[in-house]
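Down below is the structure, laid out as structure tokens.
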Amino acid sequence: MDRTHTPGGIVLQRYDDVFAALHREHRDRVFSFIHRRVSSREAAEELTNDVFRIAWQRNPQASDVTPAWLLTVARNVIGNEYRRRERAEHLMQRVRDSVVLAARAGNGAGQQAVADSLLRLREKEREVLLLAYWDDLSTTEISEVLGCSPSAAKVRLHRARAAFAQMMPAALMAEEGA
């Protein structure tokens, strides 16, 4: 399944057709394997897509793309997902711990409301806010960490701030504005 390139560097349709056939043939099996091991259908869909993206990027011979090879890639992708979740949980534990320490130092109700609001955000929203406020990164630095453009990082940060404001109790938001 070697990719054949034209002088202009365009991949010929043959590889894409072979890859599409492999995807049609093995997608359900890979999805089922992953779905049995992760907590949500959405996560299983995303990880299944990752398996086939990896298969396409590695460009193996068609004979090498067996169900066992795909399931090995899937197992590795699942392991990466569990490690990512574990890192996120450790980060959230650090947030909780810092809130407890701040509460002991004073203004505990406000700090607890901030922590509770952060925990209710979607993971991507929480991540960009923590990068901005916990790690004190600029939008340019955030874009580097997230692998996006600075303008995309700015939009993500704006949306995360708006979501956070909706999560915060109205009384505390009024105090901040005063």
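For the range 27-60, how many residues are outside any helix (DSSP H, G or I) and open to solvent by 70 Å² or more (accessible area, probe 1.4 Å)?
So in the range 27-60, the residues outside any helix (DSSP H, G or I) come out as 36-40, 59-60.
Next, only the ones that are open to solvent by 70 Å² or more (accessible area, probe 1.4 Å) stay: 36-37, 39.
The total comes to 3.
What number of residues within the range 68-94 satisfy the criterion of being under 14 Å from the mean Cα position of the chain (by Cα) and in contact (Cβ under 8 Å) with a residue 40 or more places away in the chain?
3
What tally of residues in the range 47-59 results from selecting those that are at pLDDT 80 or above and touching a helix residue (DSSP H, G or I) at 6+ places or on another chain (Cβ under 9 Å)?
To start, the set of residues in the range 47-59 that are at pLDDT 80 or above comprises 47-58.
Adding the requirement that they be touching a helix residue (DSSP H, G or I) at 6+ places or on another chain (Cβ under 9 Å) leaves 47-48, 50-52, 54-56, 58.
So the count comes out to 9.
Just to check your reading of the model, which residue among A165, A113, A88 is among the aliphatic types (A, V, I, L, M), modelled with pLDDT under 85, over 28 Å from I34 (Cβ atoms) and in a helix (DSSP H, G or I)?
Numbers: A165 fails: modelled with pLDDT under 85; A88 fails: over 28 Å from I34 (Cβ atoms).
After applying the criteria, what remains is A113.
For (1) modelled with pLDDT under 75; (2) surrounded by fewer than 18 Cβ atoms within 10 Å (Cβ to Cβ); (3) in contact with a Phe, Trp or Tyr (Cβ under 7 Å, 6 or more places away or on another chain); (4) outside any helix (DSSP H, G or I), each residue gets a yes or a no:
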site: N80; (1), (2), (3), (4): no, yes, no, no
site: S98; (1), (2), (3), (4): yes, yes, no, no
site: L101; (1), (2), (3), (4): yes, yes, no, no
site: R126; (1), (2), (3), (4): no, no, no, no
site: L131; (1), (2), (3), (4): no, no, no, no
site: D136; (1), (2), (3), (4): no, yes, no, yes
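Across the range 1-26, what is the number of residues that are in contact with a Leu (Cβ under 9 Å, 6 or more places away or on another chain) and either part of a helix (DSSP H, G or I) or at pLDDT 60 or above (or both)?
Going through the range 1-26, the residues in contact with a Leu (Cβ under 9 Å, 6 or more places away or on another chain) turn out to be 1, 3-6, 22, 26.
Now restrict to residues that are either part of a helix (DSSP H, G or I) or at pLDDT 60 or above (or both): 22, 26.
The total comes to 2.
The values are calculated or read from the model by the stated rules, or taken from the named source; none is laboratory data. All figures in this text were calculated on a predicted structure; none of them were measured in a lab. Cβ coordinates were reconstructed from backbone atoms using ideal geometry, including for glycine residues, and neighbour counts include every protein chain displayed. Areas reflect the complete protein model, heavy atoms only, side chains present, ligands, DNA and RNA absent. Shrake-Rupley method; radii C 1.70, N 1.55, O 1.52, S 1.80 Å.
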